[in-house]
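Scroll down for the structure; my scribbles are underneath it.
The values are calculated or read from the model by the stated rules, or taken from the named source; none is laboratory data. Owing to the predicted nature of the structure, the values given are computational and were not obtained by experimental measurement. Note that each Cβ is placed from the backbone with ideal geometry, even for glycine, and that neighbours are counted across all protein chains shown. Ligands, DNA and RNA are excluded from the accessible area calculation, which covers all protein heavy atoms including side chains. Shrake-Rupley method; radii C 1.70, N 1.55, O 1.52, S 1.80 Å.
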Amino acid sequence: MTGRPRSTDVDRRLESAALMLFARGGLSAVSFDAVARQAGVSRTAIYRRWDTREALVAASLRAFRAAAESGLEDWTDRTLDAILDIFVDRAAAALDDAFARNLLRHLVALGPDGEAITHTYLAEMIVPRREAFSAKIREAQARGQIEPTRDPDLMQDLLAGALIQRLLLWGDLASGTDPRDYVEAVLEAVGFPRRPGSRARE
(Lines give C-alpha, C1' and ligand atoms only; values in the text may rest on other atoms or scores of the structure.)
Protein backbone atom coordinates (compact mmCIF):
# COMPACT_ATOMS: atom_id res chain seq x y z
CA MET A 1 0.00 0.00 0.00
CA THR A 2 1.41 3.37 -1.00
CA GLY A 3 1.55 5.98 1.74
CA ARG A 4 0.64 9.61 1.41
CA PRO A 5 3.24 11.54 -0.64
CA ARG A 6 5.61 13.71 1.36
CA SER A 7 4.99 17.45 1.25
CA THR A 8 7.79 19.24 -0.56
CA ASP A 9 6.80 22.42 1.28
CA VAL A 10 7.42 20.70 4.62
CA ASP A 11 10.72 19.36 3.28
CA ARG A 12 11.83 22.88 2.41
CA ARG A 13 10.71 24.33 5.73
CA LEU A 14 12.56 21.66 7.70
CA GLU A 15 15.73 21.99 5.63
CA SER A 16 15.64 25.76 5.88
CA ALA A 17 15.12 25.62 9.64
CA ALA A 18 17.94 23.12 10.13
CA LEU A 19 20.31 25.19 7.99
CA MET A 20 19.49 28.37 9.88
CA LEU A 21 20.09 26.69 13.24
CA PHE A 22 23.32 25.13 11.99
CA ALA A 23 24.64 28.46 10.71
CA ARG A 24 23.71 30.10 14.00
CA GLY A 25 25.11 27.57 16.45
CA GLY A 26 26.67 24.59 14.71
CA LEU A 27 25.62 20.97 14.95
CA SER A 28 24.83 21.20 18.67
CA ALA A 29 22.07 23.72 17.87
CA VAL A 30 20.30 21.32 15.51
CA SER A 31 18.03 19.21 17.68
CA PHE A 32 14.84 17.77 16.26
CA ASP A 33 12.85 19.77 18.82
CA ALA A 34 14.51 23.03 17.78
CA VAL A 35 14.05 22.29 14.07
CA ALA A 36 10.39 21.41 14.56
CA ARG A 37 9.77 24.65 16.46
CA GLN A 38 11.64 26.74 13.90
CA ALA A 39 9.80 25.13 10.98
CA GLY A 40 6.41 25.09 12.70
CA VAL A 41 5.86 21.36 12.19
CA SER A 42 5.73 18.28 14.40
CA ARG A 43 8.76 16.20 15.34
CA THR A 44 6.99 13.28 13.68
CA ALA A 45 7.40 15.00 10.32
CA ILE A 46 11.16 15.00 10.86
CA TYR A 47 11.33 11.36 11.91
CA ARG A 48 9.46 10.37 8.75
CA ARG A 49 12.29 11.89 6.72
CA TRP A 50 15.55 11.60 8.65
CA ASP A 51 16.89 9.27 11.31
CA THR A 52 19.58 11.61 12.63
CA ARG A 53 20.33 15.31 12.80
CA GLU A 54 23.47 14.63 10.76
CA ALA A 55 21.34 13.29 7.91
CA LEU A 56 19.04 16.32 8.20
CA VAL A 57 21.94 18.80 8.10
CA ALA A 58 23.48 16.97 5.13
CA ALA A 59 20.14 17.19 3.29
CA SER A 60 19.88 20.88 4.19
CA LEU A 61 23.35 21.60 2.80
CA ARG A 62 22.49 19.67 -0.36
CA ALA A 63 19.32 21.72 -0.85
CA PHE A 64 21.16 24.97 -0.13
CA ARG A 65 23.85 24.17 -2.67
CA ALA A 66 21.27 23.15 -5.27
CA ALA A 67 19.40 26.43 -4.79
CA ALA A 68 22.63 28.44 -4.97
CA GLU A 69 23.54 26.75 -8.26
CA SER A 70 20.07 26.80 -9.77
CA GLY A 71 20.29 27.49 -13.49
CA LEU A 72 23.82 26.15 -13.76
CA GLU A 73 22.92 22.56 -14.43
CA ASP A 74 24.38 22.91 -17.93
CA TRP A 75 27.52 24.68 -16.76
CA THR A 76 29.88 22.05 -18.22
CA ASP A 77 28.59 22.98 -21.69
CA ARG A 78 29.60 26.61 -21.17
CA THR A 79 32.89 28.23 -22.09
CA LEU A 80 35.56 28.68 -19.42
CA ASP A 81 35.08 32.47 -19.58
CA ALA A 82 31.34 32.09 -18.97
CA ILE A 83 31.95 29.75 -16.02
CA LEU A 84 34.47 32.15 -14.50
CA ASP A 85 32.06 35.07 -14.93
CA ILE A 86 29.46 33.18 -12.93
CA PHE A 87 32.05 32.12 -10.37
CA VAL A 88 33.18 35.72 -9.80
CA ASP A 89 29.59 36.91 -9.31
CA ARG A 90 28.73 34.20 -6.80
CA ALA A 91 32.03 34.10 -4.93
CA ALA A 92 32.00 37.88 -4.51
CA ALA A 93 28.43 37.73 -3.19
CA ALA A 94 29.42 35.01 -0.71
CA LEU A 95 32.31 37.12 0.59
CA ASP A 96 29.79 39.81 1.50
CA ASP A 97 27.26 37.37 3.02
CA ALA A 98 27.33 36.94 6.82
CA PHE A 99 25.13 33.84 6.59
CA ALA A 100 27.53 32.17 4.14
CA ARG A 101 30.46 32.99 6.42
CA ASN A 102 28.76 31.52 9.48
CA LEU A 103 27.70 28.43 7.57
CA LEU A 104 31.25 27.81 6.40
CA ARG A 105 32.69 28.37 9.89
CA HIS A 106 30.44 25.74 11.41
CA LEU A 107 30.99 23.33 8.52
CA VAL A 108 34.77 23.56 8.94
CA ALA A 109 34.43 23.22 12.74
CA LEU A 110 32.40 20.00 12.65
CA GLY A 111 35.27 17.69 13.56
CA PRO A 112 34.77 13.95 14.21
CA ASP A 113 31.15 14.37 15.32
CA GLY A 114 30.25 15.66 11.89
CA GLU A 115 32.17 13.19 9.74
CA ALA A 116 28.98 11.94 8.09
CA ILE A 117 28.02 15.50 7.12
CA THR A 118 31.50 16.35 5.88
CA HIS A 119 31.72 13.13 3.87
CA THR A 120 28.34 13.75 2.23
CA TYR A 121 29.20 17.38 1.47
CA LEU A 122 32.51 16.45 -0.13
CA ALA A 123 31.38 13.29 -1.94
CA GLU A 124 28.08 14.59 -3.32
CA MET A 125 28.64 18.32 -3.72
CA ILE A 126 32.33 19.13 -3.98
CA VAL A 127 34.02 16.18 -5.72
CA PRO A 128 31.72 16.01 -8.79
CA ARG A 129 32.03 19.75 -9.42
CA ARG A 130 35.78 19.66 -8.76
CA GLU A 131 36.31 16.84 -11.27
CA ALA A 132 34.25 18.62 -13.91
CA PHE A 133 36.12 21.89 -13.33
CA SER A 134 39.45 20.05 -13.65
CA ALA A 135 38.28 18.79 -17.03
CA LYS A 136 37.51 22.38 -18.06
CA ILE A 137 40.98 23.47 -16.96
CA ARG A 138 42.60 20.69 -19.00
CA GLU A 139 40.56 21.77 -22.04
CA ALA A 140 41.83 25.34 -21.55
CA GLN A 141 45.38 24.04 -21.24
CA ALA A 142 45.03 22.18 -24.54
CA ARG A 143 43.92 25.46 -26.16
CA GLY A 144 46.84 27.36 -24.64
CA GLN A 145 44.67 29.48 -22.32
CA ILE A 146 46.30 28.10 -19.16
CA GLU A 147 49.92 27.12 -18.59
CA PRO A 148 50.05 23.35 -19.28
CA THR A 149 52.36 22.59 -16.35
CA ARG A 150 49.81 23.80 -13.78
CA ASP A 151 48.00 21.06 -11.88
CA PRO A 152 44.18 21.50 -12.04
CA ASP A 153 43.64 20.11 -8.53
CA LEU A 154 46.29 22.40 -7.04
CA MET A 155 44.80 25.40 -8.86
CA GLN A 156 41.45 24.65 -7.26
CA ASP A 157 43.05 24.10 -3.84
CA LEU A 158 44.78 27.48 -4.03
CA LEU A 159 41.62 29.21 -5.21
CA ALA A 160 39.43 27.64 -2.52
CA GLY A 161 42.07 28.25 0.15
CA ALA A 162 42.27 31.97 -0.58
CA LEU A 163 38.50 32.41 -0.55
CA ILE A 164 37.98 30.30 2.57
CA GLN A 165 40.73 32.22 4.39
CA ARG A 166 39.02 35.47 3.44
CA LEU A 167 35.64 34.18 4.62
CA LEU A 168 36.78 32.56 7.85
CA LEU A 169 39.45 34.91 9.13
CA TRP A 170 38.48 38.33 7.85
CA GLY A 171 34.75 38.52 7.20
CA ASP A 172 33.54 42.07 7.86
CA LEU A 173 37.10 43.13 8.74
CA ALA A 174 38.28 42.67 5.16
CA SER A 175 38.90 46.09 3.67
CA GLY A 176 40.69 47.85 0.87
CA THR A 177 39.58 45.50 -1.91
CA ASP A 178 36.20 45.15 -3.56
CA PRO A 179 35.06 41.48 -3.31
CA ARG A 180 34.85 41.16 -7.09
CA ASP A 181 38.33 42.62 -7.53
CA TYR A 182 39.65 40.22 -4.90
CA VAL A 183 38.15 37.16 -6.62
CA GLU A 184 39.44 38.34 -10.00
CA ALA A 185 42.94 38.86 -8.55
CA VAL A 186 42.99 35.40 -6.97
CA LEU A 187 41.90 33.76 -10.22
CA GLU A 188 44.70 35.49 -12.10
CA ALA A 189 47.28 34.68 -9.41
CA VAL A 190 46.30 31.01 -9.46
CA GLY A 191 46.81 30.84 -13.22
CA PHE A 192 43.42 31.37 -14.86
CA PRO A 193 43.41 33.61 -17.92
CA ARG A 194 42.58 37.24 -17.42
CA ARG A 195 39.21 37.93 -18.99
CA PRO A 196 37.89 40.99 -20.82
CA GLY A 197 36.44 43.46 -18.33
CA SER A 198 38.45 42.15 -15.36
CA ARG A 199 39.49 44.98 -13.05
CA ALA A 200 42.11 42.91 -11.23
CA ARG A 201 45.53 44.57 -11.05
CA GLU A 202 44.49 47.58 -13.12
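Which distance in Å, rounded to a whole number, links the C-alpha centroids of the range 17-81 and the range 101-139? Measuring centre to centre over Cα atoms gives 15 Å. Ligands, DNA and RNA aside, S7 has an accessible area near 50 Å² when probed at 1.4 Å. Each 10 Å bin, from zero up to the one with the longest distance, holds this percent of the alpha carbon pairs of the range 50-148: 13, 39, 32, 15, 2, 0. Site pair H119 and R90 shows an inter-label distance of 2.6 nm when each label is modelled 7 Å from Cα along Cα→Cβ.
Tabulate in residue order the Karplus-calculated ³J(HN,Hα) for the range 25-30, using 6.51 cos²θ - 1.76 cosθ + 1.60 with θ = phi - 60°, rounded to whole Hz; enter x for Gly and Pro. Whole-Hz 3J(HN,Hα) from phi for the range 25-30: x, x, 4, 5, 7, 9. Under the combined filter of DSSP loop state and at most 10 neighbouring Cβ atoms within 10 Å, the range 116-159 retains these trypsin sites (Lys or Arg not before Pro): R143. Applying 1/(1 + (r/R0)^6) with R0 = 41 Å to the Cβ-Cβ distance of S28 and L154 gives a FRET efficiency near 0.70. A helix-only calculation puts the chain at -19000 deg cm²/dmol for mean residue ellipticity at 222 nm, using -39500 (n - 2.57) for each DSSP H run of at least four residues, averaged over all residues. Put simply, when 110-116, 92-98 are sorted by average Cβ atoms within 10 angstrom per residue, most first, you get 92-98, 110-116.
Once the 1.4 Å probe is applied to the protein heavy atoms, the chain comes out at 57 Å² accessible per residue. When all protein chains stay in place and ligands, DNA and RNA are ignored, the 1.4 Å accessible-area order of E131, E54, largest first, is E131, E54. What part of the accessible area of the chain, given as a whole %, is carbon or sulfur when the probe is 1.4 angstrom? That share works out to 53 percent. Seen against the Cα atoms of the chain and their longest principal axis, helix 127-142 is set at about 10 degrees.
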